[in-house]
Amino acid sequence: MYKKFPLKKISNSKEFYLEYINQKNDLLQNINFYKLDKIINLLKKSFKNNNILYTCGNGGSSSLADHFTCDFIKQTNNQTNLKVKSISLASNFSLISAIANDVNYDKIFSFQIEKLCKKDDVLFLFSVSGNSPNLIEAIKAGKKIGVKIVSFTGFDGGKLSKMSDYNLNFPIANFGIVEDCHISIMH
């Protein structure tokens, strides 16, 4: 079961901050490094084989998807001989709103996946709850094509943790701590 944060009423900013970072640090120190290494090796293999990394998420997690794509393209292409390709499916608002309006909001990512992805590309999903319908549809579309699925989740991992090929879950009921963990592992 996942923890809740905060467990008790906190009376001042220092107490809140120290408890917050203690909870976050505990989660980060206890990740499954075997799973993390599998994800890293998947990404290395994918980039060497010229596959594309697609990212997506909702709300703050959509910002993480954009950030992940930004960092991968900028940092790896500046500091290595890799030619990393990455696309955030969360960043084209015109396309997202057209799909939401004309097709269905639950299809905003799966529609793009069906049009853009090919076998052995990687789809990286960020979700605190792990239960967003549009991310579940994204996984279904990706699996039909043969895309490798990676997810970072929070709470109990939700459906995404069970449907993904690789999942890192941060079992705490606090959006901020989960998203901080996601970005820390990303970096």
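The values are calculated or read from the model by the stated rules, or taken from the named source; none is laboratory data. All figures in this text were calculated on a predicted structure; none of them were measured in a lab. Backbone-built Cβ (ideal geometry, glycine too); neighbour counts: all protein chains shown. The accessibility values were calculated without ligands, DNA or RNA, using every heavy atom of the protein model including side chains. Shrake-Rupley method; radii C 1.70, N 1.55, O 1.52, S 1.80 Å.
List of remarks:
- Here I139 meets each of (1) crowded, with 21+ Cβ neighbours inside 10 Å; (2) outside any helix (DSSP H, G or I) with one exception, condition (2).
- Close contacts from segment 100-123, counting a first residue that is in contact (Cβ under 8 Å) with a residue 60 or more places away in the chain and a second that is of a type in the set (G, A, S), with Cβ to Cβ under 6 Å and a gap of 6+ residues or different chains, come to V122/S46; L123/G142.
- Identity of the residue in segment 122-136, part of a loop (DSSP other than H, G, I, E, B) and not hydrophobic (A, V, I, L, M, F, W, C), that ends up surrounded by the fewest Cβ atoms within 10 Å (Cβ to Cβ): N131
- Selection of segment 108-142 for residues being farther than 26 Å from K3 by Cα and of a type in the set (S, T, Y) yields only S110.
- All of K115, K119 fail the test of being surrounded by fewer than 16 Cβ atoms within 10 Å (Cβ to Cβ), more than 25 Å from K162 (Cβ to Cβ) and of a type outside the set (A, V, I, L, M, F, W, C), apart from K115.
- Restricting segment 169-183 to residues that are open to solvent by less than 40 Å² (accessible area, probe 1.4 Å) and either in a strand (DSSP E or B) or polar (S, T, N, Q) (or both), the residue that is farthest from P6 (Cα to Cα): F170
- Going through (1) modelled with pLDDT of 95 or more; (2) open to solvent by less than 40 Å² (accessible area, probe 1.4 Å) one by one, N101 falls short only on (2).
- Those residues of segment 145-168 which are in contact with an Asp or Glu (Cβ under 8 Å, 6 or more places away or on another chain) and either open to solvent by 50 Å² or more (accessible area, probe 1.4 Å) or assigned to a helix (DSSP H, G or I) (or both), in sequence order: I145, K148
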